[in-house]
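J.: Okay, handing you the structure first.
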Amino acid sequence: MKVRLTVNGQDRSDDVEPRLLLVHYLRQHLGLRAANVGCDTTSCGACTVLLNGKSVKSCTVLTVQASGQEVTTAEGLAPEGDLHPVQRAFRAEHGLQCGFCTPGMVMAATGLLAENPHPTEEEVRAGLEGNFCRCTGYHNIVRAVLTAAGTMSTGATTSTESAQ
């Protein structure tokens, strides 16, 4: 089937099998590796992307379902080569360890902050519930999302950035 979608701001048109999952389209057809395949059961969230600005697990979406829509991956958050405020906050607050879940966490956090720009700690924890990290205790991840929320609402930089 022919699909047409916008991925990270670029219009794409490809022939795909109707059963091709969006995560596999992004990785195999477009070479975008941030959306990771972690579980194949929609449990881990490592494949999270934004679909029309809403975070979705790309292993639950067929590419043909995304046709006509806008997909943003972690690679597309900051197209000018700089880091997105959420990415900067994850770095500044040490919200990662091995990095496997990080792109999915960043995308879920970005979607959460688009819907709720001023979340409480409890709202962040609830908003990230479908994304699993096997390396951290989530404290730094939650702190990173709260830092990003503050940065994005005030336009300030993170403490690590201002020290550089």
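J.: Which of the residues belonging to the range 40-81 are under 25 Å from Gln97 (Cα atoms) and of a type in the set (Val, Ile, Thr)?
T.: Matches in the range 40-81: Thr41, Thr42, Thr48, Val49, Val56, Thr72, Thr73.
J.: So which residues in the range 6-42 are hydroxyl-bearing (Ser, Thr, Tyr) and in contact with a strand residue (DSSP E or B) (Cβ under 9 Å, 6 or more places away or on another chain), if there are any at all?
T.: Thr6, Ser13, Tyr25, Thr42
J.: Here is a further query. If the requirement is being among the hydroxyl-bearing types (Ser, Thr, Tyr) and touching a Cys at 6+ places or on another chain (Cβ under 7 Å), which of these qualifies: Ser58, Ser67?
T.: Residue meeting the stated conditions: Ser58.
J.: Please state which of the following conditions Asp82 fails to meet, knowing it meets all the rest: (1) surrounded by fewer than 16 Cβ atoms within 10 Å (Cβ to Cβ); (2) touching a residue at least 40 places away in the same chain (Cβ under 8 Å).
T.: Just one mismatch for Asp82, condition (2).
J.: Which residue pairs have Cβ atoms under 8 Å apart, sit 6 or more places apart or on different chains, and have a first residue in the range 106-124 that is over 18 Å from Gly95 (Cβ atoms) and a second that is at pLDDT below 95 and in a helix (DSSP H, G or I)?
T.: Short answer, once both residue conditions are applied: Pro117/Met152; Pro117/Ser153; His118/Ser153.
J.: Hey, does the range 2-16 have a residue that's closer than 21 Å to Leu146 by Cβ and either buried (at least 16 other Cβ atoms within 10 Å of the Cβ) or not charged (D, E, K, R) (or both)?
T.: no
J.: Here's a follow-up. Taking into account only those residues within the range 101-140 that are of a type in the set (S, T, N, Q) and either surrounded by fewer than 21 Cβ atoms within 10 Å (Cβ to Cβ) or touching a Phe, Trp or Tyr at 6+ places or on another chain (Cβ under 7 Å) (or both), which is nearest to Asn36 (Cα to Cα)?
T.: Thr102
The values are calculated or read from the model by the stated rules, or taken from the named source; none is laboratory data. These figures come from a predicted structure and were not determined experimentally. Cβ atoms come from the backbone with ideal geometry, glycine included; neighbour counts cover every protein chain shown.
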